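Let me begin by presenting the structure, written as structure tokens, before commenting on it.
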Amino acid sequence: ISPLSGREKRDYAANFADFLADRKPGQPFCFWYGCEEPHRSYERGSGLRAGKKLADVVVPKSLPDSPVVRSDVLDYYLEIELYDDHLGRMIKMLEEIGELDNTLIVATSDNGMPFPRAKANLYDLGVRMPLAICWADRVKASRIVDDFVSLTDIAPTFLEAAGLPVPPQMTGRSLMNILLSDKSGRVDPKRDRVFAGSERTTWCRPNGAGYPGRSIRTYRWLYIRNYEPARWPAG
């Protein structure tokens with residue numbers, strides 16, 4: 001990684017092409033594309049140099065609306081576009097080998113945007129992830145579902161999709177009943193809350209002391225309990 005940029009030198013789409021080339025005909029497969037680019041640091045001003053405009057930035061209400069912040073968000077947008085580009089190339093490969101309709105694709109993130117009050121916090125900007133799922137042969141497209149889900153639900157979803165039993169010790173719940181539904185909005189009434197927790201995102205305090213917190217999010221309320229609020233900085 002360049003010291004001035006978060007943009008990786010690896011070619012994720014090329015890695016996927018190599019992966020597919022090693023696959024035996026008809027062999028089931030699972031590929032995890034973990035893009036590091038949206039992580040900091042960014043090359044300052046890269047978004048502007050790419051032709052993006054400060055006026056197009058959606059500034060979170062928790063951040064000051066200034067040119068510096070807007071430019072920083074544009075740099076972040078640019079990194080996300082790199083992720084999108086590689087994902088698009090991978091999807092095209094699946095289409096070319098005739099496996100796109102037969103492949104369950106899940107696109108999500110592991111945390112919120114790396115900005116104050118977002119990543120490493122239990123506010124919505126820190127724990128509300130992007131999530132898009134497609135499986136052309138089985139999942140109806142063009143739906144927006146408002147049910148609460150957690151990343152712990154992904155593993156049991158994959159197991160059920162593959163026709164395998166879900167171990168009882170798994171705390172996540174498969175999303176297959178939602179994916180196979182043709183409804184939008186709230187589909188599963190039992191999914192009316194989600195739980196999240198935080199301990200430490202970076203080693204920024206003496207002895208690596210964390211900032212433990214827990215939260216419950218419902219459709220109306222967000223409750224956060226911070227157990228060591230006197231610890232600073234939050235990282």
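The values are calculated or read from the model by the stated rules, or taken from the named source; none is laboratory data. Since the model is a prediction, treat every value here as computed from it, not as a measurement. Positions of Cβ are backbone-derived with ideal geometry, glycine not excepted, and every protein chain shown enters the neighbour counts. Each accessible area value is taken on the protein alone, full model and side chains, heavy atoms only, with ligands, DNA and RNA left out. Shrake-Rupley method; radii C 1.70, N 1.55, O 1.52, S 1.80 Å.
Things worth noting here:
- Count of segment 162-199 residues, restricted to those that are hydroxyl-bearing (Ser, Thr, Tyr), under 22 Å from TRP135 (Cα atoms) and open to solvent by less than 60 Å² (accessible area, probe 1.4 Å), is 2.
- Within segment 43-79, the set of residues being part of a loop (DSSP other than H, G, I, E, B) and in contact with a helix residue (DSSP H, G or I) (Cβ under 9 Å, 6 or more places away or on another chain) comprises GLU43, ARG44, GLY45, ALA50, LYS52, LYS53, VAL57, VAL58, VAL59, PRO60, SER62, LEU63.
- All positions within segment 46-58 that are under 23 Å from SER109 (Cβ atoms) and surrounded by fewer than 14 Cβ atoms within 10 Å (Cβ to Cβ): ALA50, ASP56, VAL58
- For LEU125, the conditions (1) aliphatic (A, V, I, L, M); (2) under 15 Å from the mean Cα position of the chain (by Cα); (3) within 30 Å of ALA17 (Cβ to Cβ); (4) buried (at least 16 other Cβ atoms within 10 Å of the Cβ) all hold with the exception of (3).
- The residues of segment 31-45 that are over 30 Å from ASP18 (Cα atoms) and surrounded by 13 or more Cβ atoms within 10 Å (Cβ to Cβ) amount to a single one, ARG44.
- Near pairs, Cβ below 8 angstrom, 6+ apart or cross-chain, from segment 23-41 (among the basic types (Lys, Arg)) to any residue that is surrounded by 11 or more Cβ atoms within 10 Å (Cβ to Cβ): ARG23/PHE29; ARG40/GLY6; ARG40/PRO114
- Qualifying positions in segment 132-190 - over 27 Å from ASN111 (Cβ atoms) and acidic (Asp, Glu): ASP137, ASP182
- Check on PRO156, more than 19 Å from the chain's Cα centre (by Cα) and not small (Gly, Ala, Ser): no
- Test result for PRO229, part of a loop (DSSP other than H, G, I, E, B), within 28 Å of GLU160 (Cα to Cα) and either of a type in the set (D, E, K, R) or open to solvent by 50 Å² or more (accessible area, probe 1.4 Å) (or both): no
- Pick from segment 129-142, criterion surrounded by fewer than 16 Cβ atoms within 10 Å (Cβ to Cβ) and at pLDDT 95 or above, ranking: nearest to the chain's Cα centre (by Cα): LEU131
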